[in-house]
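The values are calculated or read from the model by the stated rules, or taken from the named source; none is laboratory data. If you're wondering where the values come from, they're calculated on a predicted model, not measured in any experiment. We place every Cβ from the backbone using ideal geometry, glycine too, and count neighbours over all the protein chains shown. To get the accessible areas, we keep the full protein, side chains included, count just its heavy atoms, and leave off ligands, DNA and RNA. Shrake-Rupley method; radii C 1.70, N 1.55, O 1.52, S 1.80 Å.
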Amino acid sequence: NQAMMNFGAMQCTPRNPACERCIFSNTCVAVHEGLVAELPLRIKKPSKRVRYFHYFVIHDTDGVVLDQRVAKDIWKQMYDFPVIERKTSRTLPVTTRRAFLKQFGVKTQGGTKRAFVLSQTLTHQQIHCVFYLVKVKNANLRSLPPDCSFETFRDLDAFAYPKAIRTFLADNSLHLMK
């Protein structure tokens with residue numbers, strides 16, 4: 001099979017096929033049907049879906065809130081942070097951030113800070129991740145929404161994360177513990 005692939009790549013080139021020197025030209029369908037200029041077919045690659053995830057890294061000095069992805073979507077059963085998906089990477093309005101954080105019952109120290117932006121390329125999607133650091137003090141993080149849990153920093157290695165989240169944690173875990 002590999003030999004045929006190599007032969008085809010050298011003989012049946014899209015712009016300048018070498019049909020006159022080809023040992024298969026007497027049995028070639030493209031030559032007999034007059035389709036040499038149209039073959040091989042070029043298949044358009046589907047365009048990548050671009051997505052913008054706005055992650056809220058809700059943390060105190062002991063740990064961070066994780067969200068297990070359960071929806072039928074990318075990264076199912078993996079862990080990330082609570083997220084809002086939008087059509088842009090522009091910073092979310094303060095009112096949107098406050099409304100989202102209200103469901104976690106947290107009061108922030110100094111508001112939310114847009115801190116980091118990372119991208120991850122998948123086969124059919126381009127993911128842009130915007131991270132907001134949300135430092136909480138004396139928060140009751142026991143009554144979290146379903147699929148969310150508070151995990152200590154020392155236990156974070158026990159969870160499976162998408163690459164963008166792993167990269168964020170590797171680069172920023174020491175900053176979170178302050």
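At-a-glance table
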{"item": "Amide H within-cut-off set for residue 36, under 5 Å, with H built and near neighbours excluded", "result": "none"}
{"item": "log10 of Debye I(q)/I(0), alpha-carbon scatterers only, for the range 36-114 at 0.10, 0.13, 0.14, 0.27 Å⁻¹", "result": "-0.38, -0.54, -0.60, -1.43"}
{"item": "Listed residue pairs exceeding 25 Å between alpha carbons, taken from 72/135; 72/113; 48/163; 48/87; 113/137", "result": "72/135; 72/113"}
{"item": "Between 0 and 90°, nearest 10: helix 2-11 axis offset from the chain longest Cα axis", "result": "70 degrees"}
{"item": "For the range 23-64: span of alpha carbons on each principal axis (Å, largest first)", "result": "76, 19, 9"}
{"item": "Eligible aspartates and glutamates near residue 102 by straight Cα distance, threshold 13 Å, same-chain separation 8 or greater", "result": "none"}
{"item": "With every protein chain in place, the range 1-70: carbon and sulfur % of accessible area (1.4 Å)", "result": "57 percent"}
{"item": "Relative contact order (%) - the chain, alpha-carbon pairs under 8 angstrom, separation at least six", "result": "25 percent"}
{"item": "The range 92-136 pair-distance distribution - Cα-Cα, 10 Å bins, rounded %", "result": "24, 43, 24, 9"}
{"item": "The range 30-165: proportion of alpha-carbon pairs further apart than 20 angstrom, %", "result": "53 percent"}
{"item": "Other-chain or far-sequence residues with amide H under 5 Å of residue 116's (modelled H)", "result": "131"}
{"item": "Degrees, to the nearest 10: 163-176 long Cα axis against longest axis of the chain", "result": "30 degrees"}
{"item": "Cβ-defined net charge surrounding residue 68, 15 Å radius [Lys, Arg +1; Asp, Glu -1]", "result": "-3"}
{"item": "Placed amide H near residue 126: partners under 5 Å, 5+ positions off or other chain", "result": "49, 50, 51"}
{"item": "Accessible surface, per residue, of the chain when the full set of protein chains is kept, probe 1.4 Å, Å²", "result": "67 Å²"}
{"item": "Area accessible to solvent at residue 169, 1.4 Å probe radius, in Å²", "result": "20 Å²"}
